[in-house]
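Asker: The structure under discussion is supplied below as structure tokens; questions concerning it will follow.
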Amino acid sequence: MSIIEAIILGIVQGLTEFLPVSSSGHLELVKYLFGSKWIAEESLLFTVSVHFATAMSTVVVFRKRKS
């Protein structure tokens, strides 16, 4: 996977995660449009990593600030 593909997939994840649609489905569609030849383990690892990053960014944004 190229860096450009990873950036585009990250943007797709970020834009669709909080919408009432499947962000995982959109990731798979974009991978297909790129003509991805990834093996299943690589695809799963990337998808899990992107979802984890989304969860961590949500925690950072909504954490309580100590006064």
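The values are calculated or read from the model by the stated rules, or taken from the named source; none is laboratory data. Quick caveat, the model's predicted, so the values are computed rather than measured. Using ideal geometry, Cβ is built from the backbone for each residue, glycine included, and neighbour counts are taken over all protein chains shown. Note: accessible area is taken over every heavy atom of the protein model, side chains too, but ligands, DNA and RNA are not part of it. Shrake-Rupley method; radii C 1.70, N 1.55, O 1.52, S 1.80 Å.
Asker: How big is the Kirkwood radius of the chain, worked out from every pair of different alpha carbons and given in Å to one decimal?
Answerer: With all distinct Cα pairs of the chain included, I get 12.9 Å.
Asker: A follow-up question, please. Using Cα-Cα distances under 8 Å and only pairs 6 or more residues apart, what relative contact order does the chain have, in percent?
Answerer: That works out to 31 percent.
Asker: Dipole of the chain, Cα-centred, from +1 at each Lys and Arg C-beta and -1 at each Asp and Glu C-beta, to the nearest 20 debye?
Answerer: 520
Asker: Taking the Cα atoms only, what angle lies between the long axis of helix 23-33 and the longest principal axis of the chain, rounded to 10 degrees?
Answerer: 30
Asker: Per residue, how much accessible area does the chain show when a 1.4 Å probe rolls over the protein heavy atoms, in square angstrom?
Answerer: 79
Asker: For a Förster distance of 35 Å, can you work out the FRET efficiency between the beta-carbons of A40 and F62, rounded to the nearest 0.05?
Answerer: 0.60
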